[in-house]
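Here the structure is laid out as structure tokens; the discussion comes afterwards.
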Amino acid sequence: MPDYPAHASPAFAPIASPRPRYSDRAVSDFKLSHDDDAAVHPPLISPTFTPPQTPFHNEDGGPRHDRQPHSIPVASPTHSEAEHQHAKALPRLPEVRCEVRARIPTTTGTEMFLHLYHNNIDEKEHLAIVFGPNIRSRSLDAPRRGETERDRMIRGAYVGTLYPGRTSSRVHQIRAESGVASPRPSASYLSRIEGSSQQQQTPPTSSNSSETEDPEIDSSYPSELGPPMVRIHSECYTGETVWSARCDCGEQLDEAARLMSLPAPTPVSTPGSEIGEHQAISTERLPSCGGVIIYLRQEGRGIGLKEKLKAYNLQDLGHDTMEANLILRHPGDARSYGLATAMLLDLDLGGERGIKLLTNNPEKVRAVEGPNREIRVVERVPMIPLAWSSGGKEGVMGPEVEKYISTKIEKFKHMFSP
């Protein structure tokens, strides 16, 4: 039989791979430090190792779970940067309306209010998880044609607490029926009414031009608490529900809820404070600092659960999370944040006061501010993996999440340190 040339691939591996393979490397293996050019510009990625003392380190070796996190001030963009961002941003924000809210007692003992939103660009039910009593939805509180007081209470547009036998959504009406004098409207409410009568402007997210505020509703966030804390979180069924160790999404959601459930900040609860622990005020008497988690239904960085599971199989074949999305003919990150901006405006979190954003993603900082900086991000709070801050004692660990975080740092340019 003649010896024909082989048409199959050789039995040995090629000398050089067409692309680098990182599947067997941990985050700490990458050279992520920038000591040589630190004087030119600050590093954008995490150090090569976790420092032995974290900002919340205590004598027992664990993190302090009752103290406010460190945050990094976010500078206002330059004129050229603002023009560049405006060109990439949506020319107009979506219209949103809060359809219902309900009180949710949590397993940690904290209460929060779950707000469900509809909008004019998709059919999904996006959520706002609100901690604390100081943040309210304008569209929820606005009167709606033909509704009764019972209708208002059923959709969550009430003040105070629901209880059996309550007949009105408004506290002043209950007081009047009981012969109790109602207090004067709050100063913040009167100032907002005066300002609106002078400017006659409609918020860009308002879906009902006939909205009117109830004089007893004060949705202003107290200035003494500083900028409200906000987390923009995209849905992750695998990380939040089925215990996946491929990502740290569930851990980040839990950490955001924990931070927003902490007592209002005091000097002793601030890292670096000189006030001793013996001078601390009992946390049982302090209200929650509060905040909002905007929960967007954009699974798998916007590609959906079916495509995300395909991407998982590609990751097991050796590709990282960005490459897997691209192979499936999707963008590396298909998410958008216009809905988050509109929902924050509806929750009255716009204006010069700004917000404190929990994120490692610099693109999210720019995107959530909106086309005309309707929302101002004045501080960024890094989301440090729990495995790093606890020295490997807690948190999501494993080769998959290590590769996932390294891809975030290398390709998505996430910043895990100031």
Suppose we filter M397, M322 for residues that are in contact (Cβ under 8 Å) with a residue 40 or more places away in the chain, buried (at least 18 other Cβ atoms within 10 Å of the Cβ) and out of contact with any strand residue (DSSP E or B) (no Cβ under 7 Å at 6 or more places or on another chain); which single one remains?
M322
Checked G146, G179, G165 against criteria (loosely packed, with under 15 Cβ neighbours inside 10 Å, modelled with pLDDT under 75 and either aliphatic (A, V, I, L, M) or on the phi > 0 side of the Ramachandran plot (or both)); the one match is G179
Please find, among H118, H126, the residue that is at pLDDT 90 or above, touching a His at 6+ places or on another chain (Cβ under 9 Å), open to solvent by less than 40 Å² (accessible area, probe 1.4 Å) and over 26 Å from P222 (Cβ atoms).
H126
Which condition breaks for I104 when tested against (1) at pLDDT 95 or above; (2) more than 29 Å from the chain's Cα centre (by Cα)?
(2)
Considering residues of the range 369-394 that are of a type in the set (D, E) and open to solvent by 30 Å² or more (accessible area, probe 1.4 Å) only, the residue nearest to the chain's Cα centre (by Cα)
E379
Check off (1) open to solvent by 30 Å² or more (accessible area, probe 1.4 Å); (2) at pLDDT 95 or above; (3) more than 11 Å from the chain's Cα centre (by Cα) for T238 and give me the number that stays unchecked.
(1)
Cβ pairs under 9 Å, 6+ apart, first in the range 128-142 and in the same structural domain as L253 (by TED's automatic domain parsing) and on the phi > 0 side of the Ramachandran plot, second open to solvent by less than 10 Å² (accessible area, probe 1.4 Å) and at pLDDT 95 or above:
none
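With the structure loaded, tell me whether A342 is open to solvent by less than 40 Å² (accessible area, probe 1.4 Å) and modelled with pLDDT of 95 or more or whether it fails that test.
Numbers: open to solvent by less than 40 Å² (accessible area, probe 1.4 Å): yes; modelled with pLDDT of 95 or more: yes.
The answer is yes for A342.
The values are calculated or read from the model by the stated rules, or taken from the named source; none is laboratory data. As the structure is a computational prediction, the values presented were derived from the model and not from experiment. A quick note on method: Cβ atoms are made from the backbone with ideal geometry, for glycine too, and the neighbour counts reach across all protein chains shown. Calculation scope for accessible area: heavy atoms of the full protein, side chains included, ligands and nucleic acids excluded. Shrake-Rupley method; radii C 1.70, N 1.55, O 1.52, S 1.80 Å.
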